[in-house]
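Shown next, in structure tokens, is the structure this report addresses.
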Amino acid sequence: MTPVITIAGAQMGATQKNDTRESVAQRMQHLIEQAAKRGAQLIVFPELCLTPFFPRWYYETLEEADQWFEDQWPPRGLENALQKAKDLNIMVQISYAEKTLDNHRYNTASLISSAGEHLMKYRKIHLPGHADYIPERPLQHLEKRYFEVGNLGFPVERFYLENVGEFNLGMLLCNDRRWPEAWRVLGLQEVDIVLIGYNTPVANLDVTHHQPPHLKVMQSNLSVQAGCYQNNCFGVSVAKAGVEDGHAMFGSSIIVNPFGEIIARSSTWHDELIIADCDLSLCQVNRASTFNFEAHRRPEHYQRIVEQTGSIRPKKVVQA
């Protein structure tokens, strides 16, 4: 058996505030159909793929923002698209704003099997932005207002897929991809594939410092490439793109192999599929050499990583 899985990243163009759920679901269904035609066994959608990126809007109360949250499974209006995925025998990863029965709110990703079963869930841990309105910002980034820090850790699950075999899969969301600790927790569970949905604006959120758009794309790619290389896995990093509510998101979806190489990338700001055949045997190459964790890791020297949050500079000043 050849351990190759064909994965599609379903980049999505902008979703506007007045777009209907039906129109979004139809776009997703079309991408699923096209991915299946091209032989994909798994399709990955962006962060908050069912809605606009609503944390850019300020609401006085959480209840006002509840219009963007899902409180049922499957999410409202997505039944036909998920049924189509089942008919076409393709796994699906989606991301959405989740409101639980006991009124907790999370930025969530779910994996659905080719048989239509809900397989695993991840809730975003590294929430960026702020909780209160900041008038001098070019756009708000209120994830800390609308979401709680995820409470499921960084799970990795082992799956079997016919004609592929067994593989280990984990998920991250957006800002998580920038944190090496998140990747390493997945890597310590021998993750083979990491699925990442994201929304990243072109505009700088730090009004005190300008970074050109190409630099922001480089930083995004670098985070995923380093994470894959240092943890022996494939990464499927899929974006929302285009101009949404007057604000541009840079897109730039990629698929990366365990050597840190980009093996597929998007070329538009629209709905677009990127597809790669991922040979899972490549995950074992550095796992047995450069990044053989059992042989080379030294956790006795890593206490700062788990004991300290903010950075602390050395107290003593030495004349250099």
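The values are calculated or read from the model by the stated rules, or taken from the named source; none is laboratory data. Every value quoted in this text rests on a predicted model; they were computed, and no experiment measured them. Here the Cβ positions follow ideal geometry from the backbone for every residue, glycine too, while neighbour counts run over all protein chains shown. Surface areas here come from the heavy atoms of the whole protein model, side chains and all, with no ligands, DNA or RNA. Shrake-Rupley method; radii C 1.70, N 1.55, O 1.52, S 1.80 Å.
Modelled spin-label separation between ARG21 and VAL318, with each label point placed 7 Å from Cα along the Cα-to-Cβ direction: 6.2 nm. GNM, the chain, Cα, under 10 Å: largest mean-square fluctuation among HIS214, HIS126, HIS118? Looking only at HIS214, HIS126, HIS118, the biggest GNM fluctuation is shown by HIS214. Over 29 Å between C-alpha atoms is what I'm after, so list which of LYS144/LYS315; LYS121/LYS144; LYS37/LYS216; LYS37/LYS124; LYS84/LYS144; LYS86/LYS124 land there. Beyond 29 Å: LYS144/LYS315; LYS37/LYS216; LYS37/LYS124; LYS84/LYS144. Here the peptides 98-107, 306-315, 23-32 are ranked by packing, the mean other Cβ count within 10 Å, and the order with the highest first is 23-32, 98-107, 306-315. Only Cα pairs under 8 Å and 6+ residues apart enter the sum, and on that basis the relative contact order of the range 114-212 stands at 26 percent. Taking 7 Å steps out from each Cα toward its Cβ at GLN83 and ASN292 produces label points 5.3 nm apart. Here the range 82-208 is treated as a Stokes sphere of Kirkwood radius computed over C-alpha pairs; at 20 °C and 1.002 mPa s its diffusion coefficient rounds to 132 µm²/s. In terms of the Cα gyration tensor, with a ≥ b ≥ c the square roots of its eigenvalues, is the range 268-320 rounded because a/c is under 1.5, prolate because a/b exceeds b/c, or oblate? Verdict is oblate for the range 268-320.
For the range 19-92, the solvent-accessible area of protein heavy atoms averages 45 Å² per residue (probe radius 1.4 Å; ligands and nucleic acids excluded). What spacing in nm lies between the two simple spin-label points modelled at GLU33 and ARG304, each 7 Å away from Cα in the Cβ direction? For the pair GLU33/ARG304, the computed spacing is 5.5 nm. Can you tell which of ILE262, ILE275, ILE43 shows the greatest fluctuation in a Gaussian network model of the chain with Cα springs below 10 Å? Sorting by GNM fluctuation, first place goes to ILE262. When a/c reaches 1.5 or more, the comparison of a/b and b/c decides; with that in mind, is the range 162-320 rounded, prolate or oblate per its Cα gyration tensor? Oblate, since a/c reaches 1.5 and b/c is not below a/b.
Adding -39500 (n - 2.57) for every DSSP H run of four residues or longer, then dividing by how many residues the chain holds, sets the calculated 222 nm ellipticity at -6000 deg cm²/dmol. Sorting the Cα pairs of the chain by distance into bins of 10 Å, from 0 upward, gives 6, 26, 35, 23, 8, 1, 0 percent per bin.
Between ASP245 and GLU162, what is the FRET efficiency for a Förster distance of 30 Å, r being their Cβ-Cβ separation, to the nearest 0.05? Calculated value: 0.10. Among 71-77, 172-178, sorting by the average number of other beta carbon atoms lying within 10 angstrom of each residue, highest first, gives 172-178, 71-77.
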